[in-house]
Amino acid sequence: GGIGSGLLGAAAALTRPEGVLIMGLLGLFDLNRAWRMRRLDRVFLKRYASFVAPVALHLTWRFLYYGDYVPNTARAKVGGGFGALLRGIEYLGDFALVTWPLLLLALAGSVFLYRRRDQLGAGSWSVVVIPLVYMGYVSYVGGDFKPTFRFLATPSIYLVALASVGLCRLAETLWQKHQQLLAIGLALASGAVLLSHGGGSRTFAEWRAGVLPVHRAAGFWLGENLPPDTWLATGNAGVLPFLSKLPTIDMFGLCDRHIAMREMPNMGAGGAGHEKGDGGYVLDRAPGVI
């Protein structure tokens, strides 16, 4: 529908900045269809009016309140130009090494959609274009430091859809009599490869789960043993300030405007999301605990 899909797109855009990217790409495909039809239908107008209105209202409020259109976290994490781009490409390469069966099947699905583009319409090609542009965006911002590939969760939805098309078409082409058996076999083989190559993500998750009790204990201890007006400076600005309830300086800048806006030398060459800092600024604020 028009209004429903527009409001869903607005909800996505208000949740993550990438929602604007996806709705923008879908808008281009809708405009292309409208151009070929030589008219804008009511569904198009309702969809993008219901998308633009809440997003524009929120962006206006955000600028008036914060003085910026993008979140402080984006200022703290994004930047670096060519260095960040290379790191982002490496991030995509690591993703490809883990998910290559999915990507091969998605490629097969893309070939099928391309060959049937006249019958299916140009809109079907959006399933291919959106993940490609999205992954280009992930490369541009420099990827992520976590091996869980969380930045690629959204394009993976499209890749899985394409892979399902590729899987079905390969089954039809390779084994006419037993398509279901072949499809199940290919799916199981792909799952086994993904499982065998997902050790990095599982190890990271286990490590995070293992250190959480330590961070919780430290947070409670700080809150119980320090005066409530003691300033804490930390790069672990999640559990520690939340449980200690102490005023905190986030030394990586996600919650600190000064550090987030600072221009860093060699930005893009360090760990993604953990490159900004200002030791002199932190010390000038005289934290009680670092």
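Annotation: residue 46 fulfils all but one of (1) closer than 22 Å to residue 254 by Cβ; (2) surrounded by fewer than 19 Cβ atoms within 10 Å (Cβ to Cβ); (3) in contact with a Gly (Cβ under 6 Å, 6 or more places away or on another chain); (4) not aliphatic (A, V, I, L, M); the unmet one is (1). For the range 199-217, filtered to residues that are touching a residue at least 12 places away in the same chain (Cβ under 8 Å) and closer than 30 Å to residue 247 by Cβ, the residue that is surrounded by the most Cβ atoms within 10 Å (Cβ to Cβ) is 215. Screening the candidates 252, 242, 220 for the property of being of a type in the set (Phe, Trp, Tyr), in a loop (DSSP other than H, G, I, E, B) and either open to solvent by less than 50 Å² (accessible area, probe 1.4 Å) or at pLDDT 90 or above (or both) yields one hit, 252. The residue of the range 66-84 that is nearest to residue 145 (Cα to Cα), among those that are part of a helix (DSSP H, G or I) and either of a type in the set (A, V, I, L, M, F, W, C) or in contact with a Pro (Cβ under 8 Å, 6 or more places away or on another chain) (or both), is 84. Considering the range 255-283, and only residues there that are under 21 Å from the mean Cα position of the chain (by Cα) and open to solvent by 40 Å² or more (accessible area, probe 1.4 Å), the residue that is modelled with the lowest pLDDT turns out to be 269.
To keep it simple, each residue is scored yes or no on (1) in contact with a strand residue (DSSP E or B) (Cβ under 9 Å, 6 or more places away or on another chain); (2) open to solvent by 40 Å² or more (accessible area, probe 1.4 Å); (3) under 17 Å from residue 275 (Cβ atoms); (4) among the aromatic types (Phe, Trp, Tyr).
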position	(1), (2), (3), (4)
77	no, yes, yes, no
112	no, no, no, yes
126	no, no, no, no
134	no, no, no, yes
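Restricting attention to the range 175-186, does a residue exist that is exposed (fewer than 12 other Cβ atoms within 10 Å of the Cβ) and of a type in the set (S, T, N, Q)? Yes; the residues of the range 175-186 include at least one that is exposed (fewer than 12 other Cβ atoms within 10 Å of the Cβ) and of a type in the set (S, T, N, Q).
Whether any residue in the range 176-199 is farther than 30 Å from residue 112 by Cα, modelled with pLDDT under 85 and within 30 Å of the chain's Cα centre (by Cα) is what I want to check. Yes, the range 176-199 has at least one match. Of the residues screened, residue 134 is not one that is of a type in the set (Ser, Thr, Tyr), in contact with a Leu (Cβ under 7 Å, 6 or more places away or on another chain) and outside any helix (DSSP H, G or I).
Exactly one residue out of 105, 64 is at pLDDT 85 or above and over 20 Å from residue 153 (Cβ atoms): that is 64. Step by step: first the residues of the range 261-290, then only those that are in a helix (DSSP H, G or I) and out of contact with any strand residue (DSSP E or B) (no Cβ under 9 Å at 6 or more places or on another chain), then the one that is farthest from residue 75 (Cα to Cα). Which residue is that? Ranking the qualifying residues of the range 261-290, first place goes to 284.
Looking only at the range 1-43, residues that are open to solvent by 60 Å² or more (accessible area, probe 1.4 Å), of a type in the set (Gly, Ala, Ser) and closer than 19 Å to residue 157 by Cα come to 0 in all.
The values are calculated or read from the model by the stated rules, or taken from the named source; none is laboratory data. None of the values given here were measured: they were computed from a predicted structure. Cβ atoms come from the backbone with ideal geometry, glycine included; neighbour counts cover every protein chain shown. Each accessible area value is taken on the protein alone, full model and side chains, heavy atoms only, with ligands, DNA and RNA left out. Shrake-Rupley method; radii C 1.70, N 1.55, O 1.52, S 1.80 Å.
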